[in-house]
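First up is the structure itself, then whatever we jot down about it.
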């Protein structure tokens with residue numbers, strides 16, 4: 001079914017890779033062989049991250065790209081999203097967040113390569129897999145197949161994109177950053193073990209999707225992939241001839257069309273994932289020459305341990321990967337006359353075939369935890385107003401049966417009203433007051449709110465696994481004419497699978513049970529339809545549209561299908577604030593007068609939707625996506641409660657937030673929050689390798705940067721903040737995780753004092769792993785013996801006693817060391 005897709009892809013890749021232009025002695029462009037890509041005449045190890053331009057704002061692009069580069073990446077990968085660029089056939093949009101050319105240029109301006117995945121079907125956890133809705137209405141079309149109507153349309157789009165990239169001179173052969181167009185290679189978590197290799201020995205090993213997390217949809221519990229597992233998979237890949245890996249995704253969306261949860265907010269660095277992978281990239285780059293030019297070899301060191309190493313004949317270039325494939329037990333092995341300890345399921349990297357600079361299971365980078373902080377500017381100050389939709393009761397009948405929901409909405413709205421009427425005889429109704437008829441609606445998805453005679457009777461929804469559902473609710477009917485109204489809603493179009501063009505949604509069977517005359521089937525009763533809500537049509541989520549309707553004050557829970565609005569007052573002070581700051585410098589105290597305007601920081605902003613149920617949110621007329629608080633995970637909590645508001649959507653003052661709520665709800669508990677990762681932590685033990693930054697390649701030689709390479713706890717506050725408090729420190733056997741440490745069975749009483757001496761008032765600090773520093777000549781853990789099965793952050797060392805510091809440090813904004821009001 002993907003033959004055409006593959007042939008087109010192969011043609012495009014050939015087009016890009018074989019394009020090389022000579023400028024004097026310098027070649028510009030991309031070629032390849034069985035070892036690597038060769039870019040502008042130079043072999044490269046490529047570390048890539050997926051940043052999808054429509055999943056963030058143009059204002060966010062530079063920061064996201066720069067953080068990726070600081071994390072050791074040299075490539076940014078993106079899909080090209082057909083349905084945003086051609087939402088209507090022949091009408092194109094490349095503005096704002098859809099400005100693909102600007103995004104690619106931003107990558108190049110930051111000194112990075114780019115790869116584009118043209119699709120045109122991309123899946124990508126994206127609405128309709130990136131395919132525009134109008135494709136469904138082309139006669140005889142079958143998506144993703146050797147189908148003439150589909151091939152005609154996809155060729156037009158792909159050709160247009162390629163020509164646009166050429167016109168802007170964005171391909172490497174033109175001096176631009178694009179080194180690859182879409183290529184079909186390995187996607188998954190462990191391609192180093194599952195990928196059998198390219199279809200030719202003359203092609204390099206490229207891993208285009210290394211899934212760094214488990215994507216969640218509404219209804220899912222929290223899940224994650226450990227950085228240790230990710231690092232293991234990447235080290236394995238490069239040890240087995242890999243030359244490119246792409247992390248999918250390096251960035252997370254603030255607004256997602258398919259209702260996925262994205263825990264990484266606005267580019268906040270999630271530690272230790274960011275730092276541990278950055279260290280991995282540095283370790284691999286220390287092996288670069290041997291990997292790209294050496295001869296690969298494999299040596300079995302034990303039943304579960306193997307050494308993969310690369311050596312270049314006639315030189316000292318050698319790099320080794322020692323892999324313990326046992327998932328439960330550590331092992332000590334001998335390689336080239338030296339002993340090496342390997343934790344369970346780990347790989348140690350030796351850039352000179354002697355020195356361990358990195359182990360995938362041993363995390364020496366710092367950790368952090370996420371904090372949500374109530375905004376001082378809005379806490380308790382939100383004043384809500386509401387406007388309720390009129391529930392239609394008797395729309396003009398235009399179909400015998402309920403019409404299909406995808407076809408009605410055409411991906412321009414989530415909502416459609418369905419109405420029908422029934423005439424009930426008094427004798428049809430039970431004489432008993434405790435017995436009412438039941439409305440049953442069988443729907444193909446995705447969700448529904450039901451009304452009878454204008455009164456809300458209930459809601460129901462499907463799931464990612466099973467889109468179909470049945471709504472059944474007791475209803476009160478009256479003798480005579482009764483009105484049945486259904487609001488059908490979608491959560492995007494299908495994003496994967498075969499025959500997507502033949503998927504359907506919306507009510508299919510409607511009946512009334514419990515009448516004295518039996519079950520009454522309303523499926524063919526004659527139905528009226530209204531696409532979109534009146535508030536959507538009037539654009540009440542904008543300031544101008546909101547003026548077209550009458551708003552009232554919110555008292556208690558609002559009725560279903562109600563719009564709520566609030567003015568968010570983000571006031572920037574226009575009055576100079578006189579402060580005196582003090583700072584100690586070489587034992588002198590200086591008094592400084594400071595005049596400044598005081599915004600509420602630069603941290604990302606989110607909204608916590610407590611008290612709400614299901615709907616959408618707009619900020620200053622711009623959608624930030626759907627929320628769904630009543631879709632409860634198996635753990636009894638909403639899958640997602642906080643939703644990102646891009647800073648670029650906010651003005652200094654008078655911001656408008658509008659919420660569409662589908663069910664009965666109250667906005668009174670909604671909170672505006674700032675988000676940070678200012679709780680930073682580190683824990684190491686005496687058997688950790690030193691940080692990989694302790695070595696470098698200088699004049700083609702592998703050398704230490706410092707004279708004494710020892711493990712140490714390294715901490716650094718984000719955004720130039722300073723360490724102002726040490727909440728926890730222990731040199732012993734502490735347990736727990738970042739933000740939740742606890743002292744173990746032994747501890748040095750000097751732990752906190754040592755941490756404070758090294759770190760307080762600094763943006764970054766290093767605490768040596770030195771027993772003498774903490775204990776003098778005393779051993780506070782003489783009887784500490786390692787046992788199997790203890791907490792994962794304690795690295796097992798074959799029953800050897802050891803100590804480690806656990807540091808939990810809060811970082812807060814602080815200028816001139818401190819402030820005092822005058």
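Tabulated values for the structure
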{"quantity": "Only listed residue being buried (at least 17 other Cβ atoms within 10 Å of the Cβ), in a loop (DSSP other than H, G, I, E, B) and out of contact with any helix residue (DSSP H, G or I) (no Cβ under 6 Å at 6 or more places or on another chain), chosen from 478, 467", "calculated": "467"}
{"quantity": "Filter result (loosely packed, with under 13 Cβ neighbours inside 10 Å, part of a loop (DSSP other than H, G, I, E, B) and touching a residue at least 40 places away in the same chain (Cβ under 8 Å)) within the range 545-569", "calculated": "550, 556"}
{"quantity": "Single residue of 402, 392 found to be in a loop (DSSP other than H, G, I, E, B), crowded, with 21+ Cβ neighbours inside 10 Å and in contact with a strand residue (DSSP E or B) (Cβ under 6 Å, 6 or more places away or on another chain)", "calculated": "402"}
{"quantity": "Hits in the range 438-458 (condition: touching a strand residue (DSSP E or B) at 6+ places or on another chain (Cβ under 6 Å) and touching a residue at least 60 places away in the same chain (Cβ under 8 Å))", "calculated": "438, 439, 440, 441, 442, 443, 444, 447, 449, 451, 453"}
{"quantity": "Subset tally (residues that are surrounded by fewer than 18 Cβ atoms within 10 Å (Cβ to Cβ) and either assigned by TED's automatic domain parsing to the domain that holds residue 34 or farther than 14 Å from residue 341 by Cα (or both)) for the range 295-327", "calculated": "13"}
{"quantity": "1 or more residues at pLDDT below 90 and closer than 24 Å to residue 737 by Cβ: qualifying strands (runs of 3 or more DSSP E) within the range 320-383", "calculated": "367-374"}
{"quantity": "Qualifying position, being in contact with a helix residue (DSSP H, G or I) (Cβ under 7 Å, 6 or more places away or on another chain) and over 30 Å from residue 126 (Cα atoms), among 419, 360, 332, 413", "calculated": "360"}
{"quantity": "The range 704-747, residues that are surrounded by fewer than 13 Cβ atoms within 10 Å (Cβ to Cβ) and assigned to a strand (DSSP E or B)", "calculated": "725, 742"}
{"quantity": "Only listed residue being touching a residue at least 60 places away in the same chain (Cβ under 8 Å) and out of contact with any strand residue (DSSP E or B) (no Cβ under 7 Å at 6 or more places or on another chain), chosen from 689, 711", "calculated": "711"}
{"quantity": "Only one of 122, 104, 152, 141 that is within 30 Å of residue 406 (Cα to Cα) and either buried (at least 20 other Cβ atoms within 10 Å of the Cβ) or not assigned by TED's automatic domain parsing to the domain that holds residue 245 (or both)", "calculated": "122"}
{"quantity": "Candidates 603, 581, filtered to the one that is at pLDDT below 90, touching a strand residue (DSSP E or B) at 6+ places or on another chain (Cβ under 6 Å) and within 28 Å of residue 269 (Cα to Cα)", "calculated": "603"}
{"quantity": "Complete set of residues in the range 34-63 that are part of a helix (DSSP H, G or I) and crowded, with 20+ Cβ neighbours inside 10 Å", "calculated": "53, 54, 55, 61"}
{"quantity": "Residue in the range 86-94 that is closer than 22 Å to residue 495 by Cα, assigned by TED's automatic domain parsing to the domain that holds residue 49 and part of a helix (DSSP H, G or I) present", "calculated": "no"}
{"quantity": "Residues of the range 502-544 classified as part of a loop (DSSP other than H, G, I, E, B) and surrounded by 19 or more Cβ atoms within 10 Å (Cβ to Cβ), total", "calculated": "6"}
{"quantity": "Selection status of residue 427, farther than 30 Å from residue 217 by Cα and in contact with a strand residue (DSSP E or B) (Cβ under 7 Å, 6 or more places away or on another chain)", "calculated": "no"}
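The values are calculated or read from the model by the stated rules, or taken from the named source; none is laboratory data. The structure presented is a predicted model; accordingly, all values stated were derived computationally and were not measured. Don't worry about glycine lacking a Cβ; one is built from the backbone with ideal geometry, like all the others, and counts go over all protein chains shown.
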